[in-house]
Amino acid sequence: MEFLKTLVFLKLKPRHIFAACLATALLLFTPQAFIKEIGLANFEKTWRSWIGAGFLLSASLLVAHLGAWVWRPIHEFIKLQLDLHRGGKMTKSSYAK
């Protein structure tokens, strides 16, 4: 059951996932001098593997959201074209359900 509670993270909106991805990317890929200057050197050193895992998870979730966003109109267009090819008169409101 505890694992299911952690899946709530997957229901975050893309803007929140983007923020997590950006924050982890900055911690991972900015020069060490900058990390040291803002006072996160010890934090980054201690938690680097978890920051990397968070980056991979958030980046993959962003790619999945992007894929779904791109695929949805393409899928609707294909369904409409197939229905029209079969002789149906499907409207957008009838196949959007």
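Within the range 55-69, being of a type in the set (A, V, I, L, M) and open to solvent by less than 70 Å² (accessible area, probe 1.4 Å) holds for ALA59, LEU61, LEU62, ALA64, ALA68. Here LEU4 passes the criteria (1) modelled with pLDDT of 95 or more; (2) open to solvent by 50 Å² or more (accessible area, probe 1.4 Å) except the one numbered (1). Taking first residues from the range 8-29 that are at pLDDT 90 or above and partners that are among the polar types (S, T, N, Q), the Cβ contacts under 8 Å between residues at least 6 apart in sequence or on separate chains come to ILE17/SER58; PHE18/SER58; ALA20/SER58; CYS21/SER58; THR24/SER58.
The values are calculated or read from the model by the stated rules, or taken from the named source; none is laboratory data. Keep in mind that what you see is a predicted model, and the values were worked out from it rather than measured. For neighbour counting, all protein chains shown are included, and Cβ atoms are generated from backbone atoms with ideal geometry for every residue, glycine included. The accessibility values were calculated without ligands, DNA or RNA, using every heavy atom of the protein model including side chains. Shrake-Rupley method; radii C 1.70, N 1.55, O 1.52, S 1.80 Å.
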